[in-house]
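Student: Let me give you the structure first, and then I'll get to my questions.
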């Protein structure tokens, strides 16, 4: 399954669409992502797409990353976009709980310096590979289980 978390008003074709309310007919699954566990089975997703979602959660990043890891199949991909800490996209929206730094994700990618130095001590899971970059005021990240 290809899952889109927080699909909003522009759902991505070919995905199962999630949002926290049934605001449109295209929303397939309604769930507050702050509530764990999420309603998907372990290793049931080949892809998770989460654009502009995780900055709204009150969960700590390791909690929602762990849950994404749980529902991703081996070899599955998590694609996400979050605002850079302190940027206009982070601070303007009053529903944003936090912003991010690109190196935040290195704690969760096997072989990266921050994973080697700290992450593997703190977290019992790690993505096998990952690409982290920036676009304007956002961090774009692709993580592979």
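Student: For the residue pair residue 123 and residue 29, what label-to-label distance in nm results when each label sits 7 Å from Cα along the Cα-to-beta-carbon direction?
Tutor: In this crude spin-label approximation the distance works out to 2.0 nm.
Student: Which order do 36, 143 fall in if you start with the one that has the fewest other Cβ atoms within 10 Å? Let's see the in-between values first.
Tutor: Values: 36 12, 143 24.
Listing 36, 143 from fewest to most nearby Cβ atoms yields 36, 143.
Student: Among (i) 25, 16, 14; (ii) 23, 19, 13; (iii) 33, 17, 12, which is the computed semi-axes √(5λ) of the Cα gyration tensor in Å?
Tutor: The value computed from this structure is option (ii).
Student: Okay, moving on. Could you tell me the relative contact order of the range 2-144? Use alpha-carbon pairs under 8 Å, at least six residues apart, and round to a whole percent.
Tutor: Value for the range 2-144: 19 percent.
Student: Going 7 Å from the Cα of residue 140 in the Cα-to-Cβ direction, what parts of the range 2-41 have a backbone nitrogen less than 17 Å from that spot?
Tutor: Only 12-13 pass the distance filter.
Student: Give me the percent of DSSP beta bridges within the chain that run antiparallel, rounded to the nearest 5. Each step should come with its number before you reach the end.
Tutor: Values: 14 of 29 bridges.
Bridges in the chain that DSSP calls antiparallel: roughly 50 percent.
Student: Consider a paramagnetic label point 7 Å from the Cα of residue 36 along Cα→Cβ; state which residues of the range 105-121 have an amide N under 20 Å from it.
Tutor: 105-110, 115, 118-121, by backbone N distance to the label point.
Student: Could you give the length gained on full extension between residue 2 and residue 114, defined as 0.36 nm per residue of separation minus the Cα-Cα distance, in nm? Don't skip to the answer; put the middle values down first.
Tutor: Working: separation 112, 0.36 × 112 = 40.32 nm, distance 2.94 nm.
Fully extending the segment from residue 2 to residue 114 adds 37.4 nm.
Student: Another question, if that's okay. Counting only helical runs of four or more DSSP H residues, what would the 222 nm mean residue ellipticity of the chain come to if each run contributes -39,500 (n - 2.57) and the total is spread over all its residues?
Tutor: Numbers: 2 runs with 16 residues, N = 145.
Per the formula, -3000 deg cm²/dmol.
Student: OK, next. Taking R0 as 35 Å, what's the FRET efficiency between residue 131 and residue 21 from their Cβ-Cβ distance, rounded to 0.05? Present the calculation step by step, with values, prior to reporting the outcome.
Tutor: Numbers: r = 32 Å, r/R0 = 0.91.
About 0.65, to the nearest 0.05.
Here, each number is a calculation from the coordinates, and none is a lab measurement. Remember, predicted model here, so these are calculated numbers, not experimental data. Note: ideal-geometry Cβ built from the backbone for every residue, glycine included; neighbour counts use all protein chains shown.
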